[in-house]
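Engineer: So that we are looking at the same thing, I have put the structure below in structure tokens.
The values are calculated or read from the model by the stated rules, or taken from the named source; none is laboratory data. Model, not experiment: these values are computed from the prediction. Cβ: placed from backbone, ideal geometry, glycine included. Neighbour counts: every protein chain shown. Note: areas computed on protein heavy atoms with side chains; ligands, DNA, RNA excluded. Shrake-Rupley method; radii C 1.70, N 1.55, O 1.52, S 1.80 Å.
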Amino acid sequence: MPNSSSISEFLLLALADTRQLQLLHFWLLLGIYLAALLGNGLISTAVACDHRLHTPMYFFLLNLALLDLGCISTTLPKAMANALWHTRHISYAGCAAQVFFFVFFLSAECCILTIMSYDRYVAICKPLHYGTLLGSRACATMAAAAWGTGLQQLLFLCSSLFLPCLDLDLGEVQPRTAAQHALFIPGRFTLPHCS
């Protein structure tokens, strides 16, 4: 008889065991979350409303603020709910959704930061070419590429975690475990040697 157990939820590690510390963690997380919402919301509003801020640097800053809002809204609400209601459960689908959205937003955020560094490089090292190198079309293309890279990383994660692999010894399809992924994934990120 085959083992047919399935996982429907996970137990998360508590930040603290005592109720007073859990409430303290809730209030700290709420303060961090509200500060992030307020700060990123103010950046987004200022860039969208003030026409003097419609430059490449502020366009990328707007994208960074939106990605940061998504990134922080992925994990903090569940952590606050767990601290407030003294629970430690998260469903399998909820955990998968958190991982997927976090990978998406964090990957896109890293790309936007790279693009922002390129923007500053062009502004400092090639100021006379700044308008031609970073026009509105180029900025929109680079921002779309950053968001697309987040989507690509999400699809990569889905394909590496949830697509089954062929087990040649047994002749049947077996799902990969997390330990198998730890062995396969680092090899995908190695860079070829340049000569």
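Engineer: Using the structure shown, decide if SER91 is of a type in the set (S, T, N, Q) and either closer than 23 Å to GLY148 by Cβ or touching a Ser or Thr at 6+ places or on another chain (Cβ under 6 Å) (or both).
Structural biologist: Answer is no for this residue.
Engineer: Being out of contact with any Asp or Glu (no Cβ under 9 Å at 6 or more places or on another chain) and surrounded by 15 or more Cβ atoms within 10 Å (Cβ to Cβ) is the filter here, so list the residues in the range 77-93 that pass it. Outline the logic, then answer.
Structural biologist: Of all residues in the range 77-93, those out of contact with any Asp or Glu (no Cβ under 9 Å at 6 or more places or on another chain) come to 77-88, 93.
Correct list: LYS78, ALA79, MET80, ASN82, ALA83, LEU84.
Engineer: Give just the number: which of (1) open to solvent by less than 50 Å² (accessible area, probe 1.4 Å); (2) part of a helix (DSSP H, G or I) does ALA16 not satisfy?
Structural biologist: All conditions are met except number (2).
Engineer: Please state which of the following conditions LEU42 fails to meet, knowing it meets all the rest: (1) modelled with pLDDT under 95; (2) open to solvent by 30 Å² or more (accessible area, probe 1.4 Å).
Structural biologist: So the condition that LEU42 fails would be (1).
Engineer: If THR74 meets every condition in (1) open to solvent by 40 Å² or more (accessible area, probe 1.4 Å); (2) farther than 19 Å from ALA143 by Cα; (3) hydroxyl-bearing (Ser, Thr, Tyr) apart from one, which number is that one?
Structural biologist: Of (1) open to solvent by 40 Å² or more (accessible area, probe 1.4 Å); (2) farther than 19 Å from ALA143 by Cα; (3) hydroxyl-bearing (Ser, Thr, Tyr), only one is false for THR74: (1).
Engineer: Considering only residues that are open to solvent by less than 100 Å² (accessible area, probe 1.4 Å), aliphatic (A, V, I, L, M) and more than 13 Å from TYR58 (Cα to Cα), which ones fall in the range 124-141?
Structural biologist: LEU133, ALA138
Engineer: Looking at LEU113, LEU66, LEU106 in this structure, which one is under 19 Å from CYS158 (Cα atoms), open to solvent by 60 Å² or more (accessible area, probe 1.4 Å) and at pLDDT 85 or above?
Structural biologist: Residue meeting the stated conditions: LEU106.
Engineer: So THR149 ticks every box in (1) at pLDDT 90 or above; (2) open to solvent by 70 Å² or more (accessible area, probe 1.4 Å); (3) β-branched (Val, Ile, Thr) but one. Which box is left unticked?
Structural biologist: All conditions are met except number (2).
Engineer: State which residue is farthest from the chain's Cα centre (by Cα) when the search covers only the range 95-112 and only residues that are without any contact (Cβ under 8 Å) to a residue 60 or more places away in the chain and closer than 28 Å to LEU21 by Cα.
Structural biologist: For the range 95-112, the residue satisfying everything is ALA96.
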